[in-house]
Amino acid sequence: MLTIIHHPLIEVKLSIMRDAKTKSKEFRESLDEIASLMSFEVFKDLTIHDEEEMYETPTGAKLHKKKLDYKIILAPILRAGVGMVDGVRNMIPTARIGHIGMYRDEKTLEPIEYYFKLPVVENPLVVVVDPMLATGGSACLAISAIKKRGYKNIRLMCLVGCKQGVDAVEKMHPDVPIFLAALDEKLNEKGYILPGLGDAGDRIFGTK
Ligand code: PRP
Ligand code: URA
């Protein structure tokens with residue numbers, strides 16, 4: 001299921017990221033902030049429980065501490081996915097982080113896996129994060145790699161996607177909810193999203 005998260009604050013920040021003149025620092029900060037804002041929607045259905053431990057309010061009332069029923073693993077697809085981790089982790093400080101190394105072959109656009117390490121946690125919710133969902137190849141392969149290791153409860157959180165990428169993930173992984181901040185028009189002949197925001201990894205890390 002696809003959810004596009006519409007919010008004026010997200011749209012303003014996304015327009016900063018789309019601007020080719022935006023420098024790496026502001027690009028990263030905007031991505032961070034959008035990832036935090038998106039978290040409200042991505043995690044809004046999570047259930048919580050009362051802990052045994054109680055605390056007292058300044059008015060003398062006694063209340064139970066609350067805790068999420070889920071253990072969260074954030075799984076950024078390297079490199080660009082790393083740019084979304086802090087924004088989400090600011091909202092969920094207990095989240096643990098895995099890493100999935102993947103790059104697209106520039107000619108074939110096929111994703112190639114080069115690294116995989118997720119924390120071992122019982123019944124976690126694994127959230128794959130990556131700013132770009134283009135052909136969908138990287139996301140599909142990352143989710144398959146996660147499932148192969150026995151993880152079941154998985155969500156995909158991207159900033160900008162396009163129909164081709166969404167269709168690819170929905171076809172291969174219909175059980176994985178997809179969250180986007182924007183669904184753009186199409187891909188160009190080099191597999192870049194239009195209008196998109198260019199090469200997310202290069203803009204985050206200043207490699208070009
Ligand atoms: C980008 C992006 C995604 C992938 C999306 O990564 O961060 O992982 O491309 O494209 P796809 O949907 O067609 O697979 P890239 O391969 O450029 O690597 P990088 O993050 O190291 O720059
Ligand atoms: N990867 C990017 O970084 N940008 C795109 O537009 C497509 C894939």
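The values are calculated or read from the model by the stated rules, or taken from the named source; none is laboratory data. Everything numeric in this text was worked out from a predicted model, so none of it was measured. Cβ coordinates were reconstructed from backbone atoms using ideal geometry, including for glycine residues, and neighbour counts include every protein chain displayed. Accessible surface areas use protein heavy atoms only, side chains included; no ligands, DNA or RNA. Shrake-Rupley method; radii C 1.70, N 1.55, O 1.52, S 1.80 Å.
I'm told Val160 meets every condition in (1) within 14 Å of ligand 2 (Cβ to nearest atom); (2) open to solvent by 10 Å² or more (accessible area, probe 1.4 Å); (3) within 23 Å of Leu31 (Cα to Cα); (4) not small (Gly, Ala, Ser) except one. Can you identify the failing condition by its number? Looking at each condition in turn, Val160 falls short on (2). For the list (1) under 25 Å from Lys71 (Cβ atoms); (2) within 12 Å of ligand 1 (Cβ to nearest atom), I need the number of the one condition that Gly165 fails. Of (1) under 25 Å from Lys71 (Cβ atoms); (2) within 12 Å of ligand 1 (Cβ to nearest atom), only one is false for Gly165: (1). Residue selection: Leu74 satisfies the criterion of being under 24 Å from Tyr151 (Cβ atoms), within 16 Å of ligand 1 (Cβ to nearest atom), of a type outside the set (Lys, Arg) and in contact (Cβ under 8 Å) with a residue 24 or more places away in the chain.
Quick one: is Met84 touching a Cys at 6+ places or on another chain (Cβ under 9 Å) and touching a residue at least 12 places away in the same chain (Cβ under 8 Å)?
Numbers: touching a Cys at 6+ places or on another chain (Cβ under 9 Å): yes; touching a residue at least 12 places away in the same chain (Cβ under 8 Å): yes.
In short, yes.
Looking at region 163-175, can you tell me whether even one residue there is modelled with pLDDT of 95 or more, within 8 Å of ligand 2 (Cβ to nearest atom) and either open to solvent by 60 Å² or more (accessible area, probe 1.4 Å) or acidic (Asp, Glu) (or both)?
First, pick out the residues of region 163-175 that are modelled with pLDDT of 95 or more: 163-175.
Still in the list and also within 8 Å of ligand 2 (Cβ to nearest atom): none.
Checking region 163-175: not a single residue is modelled with pLDDT of 95 or more, within 8 Å of ligand 2 (Cβ to nearest atom) and either open to solvent by 60 Å² or more (accessible area, probe 1.4 Å) or acidic (Asp, Glu) (or both).
Looking at region 92-208, what helices (runs of 4 or more DSSP H) fall wholly within it and have at least 3 residues that are under 16 Å from the mean Cα position of the chain (by Cα) and touching a residue at least 40 places away in the same chain (Cβ under 8 Å)?
Details: elements: 137-148, 163-172, 200-205.
It comes to 137-148, 200-205.
The residue pairs whose first member lies in region 57-70 and is surrounded by 12 or more Cβ atoms within 10 Å (Cβ to Cβ), whose second member is in a loop (DSSP other than H, G, I, E, B), and whose beta carbons are closer than 7 Å, counting only pairs six or more residues apart or on different chains, are Leu68/Leu46; Tyr70/Leu46. Candidates are the residues of region 188-208 that are under 17 Å from Ala139 (Cα atoms) and in contact with a Leu (Cβ under 7 Å, 6 or more places away or on another chain); the one that is farthest from ligand 1 (Cβ to nearest atom) is Ile193.
Quick check on region 81-97. Is at least one of its residues touching a Phe, Trp or Tyr at 6+ places or on another chain (Cβ under 6 Å) and loosely packed, with under 14 Cβ neighbours inside 10 Å? Spell out how you get there, then give the answer.
Looking only at region 81-97, we keep the residues that are touching a Phe, Trp or Tyr at 6+ places or on another chain (Cβ under 6 Å), and these are none.
No.
Count of region 98-112 residues, restricted to those that are surrounded by fewer than 16 Cβ atoms within 10 Å (Cβ to Cβ) and more than 11 Å from ligand 1 (Cβ to nearest atom), is 1. For Phe205, indicate whether it is touching an Asp or Glu at 6+ places or on another chain (Cβ under 7 Å) and within 28 Å of Val12 (Cβ to Cβ). Spelling it out, it is not the case that Phe205 is touching an Asp or Glu at 6+ places or on another chain (Cβ under 7 Å) and within 28 Å of Val12 (Cβ to Cβ).
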